[in-house]
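Here is the structure we will look at.
The values are calculated or read from the model by the stated rules, or taken from the named source; none is laboratory data. Since this is a predicted model, take the numbers as computed values, not measurements. Methodologically, a virtual Cβ is constructed for each residue, glycine included, from the backbone with ideal geometry; neighbour enumeration extends over all protein chains shown. In case anyone asks, the SASA skips ligands and DNA or RNA and just uses the protein heavy atoms, side chains included. Shrake-Rupley method; radii C 1.70, N 1.55, O 1.52, S 1.80 Å.
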Amino acid sequence: MHGLGELFDVANSLIDEDLKPQITHQVLAPSETERVRNIDAVIIPPNLNGKRGEHDPKLHHWIVHQHLAGTIICSACAGSFWLGHAGILDGRPATTHWALEEDFRSHFPKVRLSPERILVDDNDIVTAGGVMAWVDLGIHLIGRWLGPTVVSQTCRQMLIDPTGREQRNYRSFRPNLAHRNQAIRALQIWMESNVDADLTVGALAIQAGLSPRSLHRKFLESTGHTVNQYVQELRIEKAKGLLELTAQTVSEICWQVGYKDVSAFNRLFKSISGLSAGEYRHRFRIHPTPVT
């Protein structure tokens, strides 16, 4: 994977060759895999062309063979689909890019997916989230093989600080509007513009012209979320935008997105985003460009 080799090279340059082994690495095309032997780790890289590995049975077989031989199997982003198709993730914890969660779950329901995690280390299988999570994966492997001192030196050399991140810090709520239920879609569009309104099940049922029971069933079938889950995700997403783009206080934002209890809002915000509202603003605030 582009960039990962450079990270390993930096780590190698920081160690005493007489005391520690260096990390040797090479990029292999699928057709070249059979010729390599004695591999410590295999990394399946991200794929940005939309392919998900279902038509690579020879590569799946090779991944299984390497895994059985004791090789650490790793993936980043959509690379996890190749591991899933190889069957080595069944019953195991793993992660992938948060935007691929629904697709991944539909293909591999037996995997214990944690899309909020940047990296999941399950000893012999290590999976990382988005494309740039190769940084976290690379640093993690350097730590395994070369120790924490080299990790610290490498991070300083590369000007990176990958510790303590989670995918849910970056995750956006993308509600499904592509379903066929026009009444639910119209309700979703109305909710987008009325997050501060009464969004209880009873009020939304009246807005949609449905019974509460029918709303529960049709909303879950159409969106994949319960009504309450959807309302929470929608309101927190709106709060994120206000934290990024305005100077409003957290209390003001809390009230603007429909909550009255600031403490409860803060707890909900952190449970969904992994950060407090203040931490989120500090990390993601978009400062306006000054007019010259």
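A crude spin-label estimate for the pair Val64 and Ser13, with each label 7 Å from Cα along the Cβ direction, gives 4.2 nm. Could you tell me the calculated FRET efficiency between Asn194 and Ile286, based on Cβ-Cβ distance and R0 = 35 angstrom, to the nearest 0.05? Once the sixth-power term is evaluated, E becomes 0.90. Mind checking which lysines have their C-alpha under 25 Å from Lys58, skipping anything on the same chain fewer than 8 residues away? Once the sequence-local lysines are set aside, what remains near Lys58 is Lys110.
Viscosity 0.890 mPa s, temperature 25 °C: what is the translational diffusion coefficient of region 96-201 from Stokes-Einstein with a Kirkwood Rh over Cα pairs, rounded to a whole number of µm²/s?
For these conditions, the coefficient is 145 µm²/s.
Return one whole number: the accessible area per residue of region 201-264 in Å², for a 1.4 Å probe.
In whole numbers, region 201-264 has 50 Å² accessible per residue.
Taking every DSSP beta bridge that has both ends in the chain, the antiparallel portion is near 25%. Measuring nothing but alpha carbons in region 43-116 and taking Rh as the Kirkwood radius, the Rg to Rh ratio lands at 0.93. Gain on full extension, evaluated as 0.36 nm per residue between Lys260 and Leu159 minus their Cα-Cα distance, stands at 32.2 nm. When all alpha carbon pairs of region 199-292 are counted in 10 Å bins from zero, the resulting P(r) reads 16, 39, 26, 15, 3, 1 %. Placing a pseudo-label 7 Å from each Cα along the Cα-to-Cβ vector at Ser214 and Leu177 gives an inter-label distance of 2.4 nm. Overall, the accessible surface of the chain at a probe of 1.4 angstrom is composed of carbon and sulfur to the extent of 52 percent. By the helix-only formula, in which each DSSP H run with n ≥ 4 contributes -39500 (n - 2.57) and the sum is divided by residues, the chain has a 222 nm mean residue ellipticity of -14000 deg cm²/dmol. Annotation: lysines with alpha-carbon distance below 25 angstrom to Lys260 (same-chain offsets under eight excluded): Lys238, Lys240, Lys270. Packing, taken as the mean count of other beta carbons within 10 Å per residue, orders the peptides 138-148, 245-255, 123-133 from highest to lowest as 123-133, 138-148, 245-255. Note on Glu244: accessible area is roughly 40 Å² with a 1.4 Å probe, heavy atoms of protein only.
What full-extension length gain, to one decimal in nm, is calculated for Glu54 and Asp90 as 0.36 nm per residue of separation minus the Cα-Cα distance? Spell out each step's value before the answer.
On the way: separation 36, 0.36 × 36 = 12.96 nm, distance 1.57 nm.
Difference between extended and current length: 11.4 nm.
Between Arg112 and Ala186, what is the FRET efficiency for a Förster distance of 25 Å, r being their Cβ-Cβ separation, to the nearest 0.05?
Efficiency, rounded to the nearest 0.05: 0.10.
Oblate is the label for the chain, because a/c, from the alpha-carbon gyration tensor with a ≥ b ≥ c as root eigenvalues, is 1.5 or above and a/b does not exceed b/c. Karplus-derived 3J(HN,Hα) values for region 264-277, using 6.51 cos²θ - 1.76 cosθ + 1.60 with θ = phi - 60°, are 5, 4, 5, 5, 5, 4, 5, 5, 8, 9, x, 10, 6, 4 Hz; glycine and proline are entered as x.
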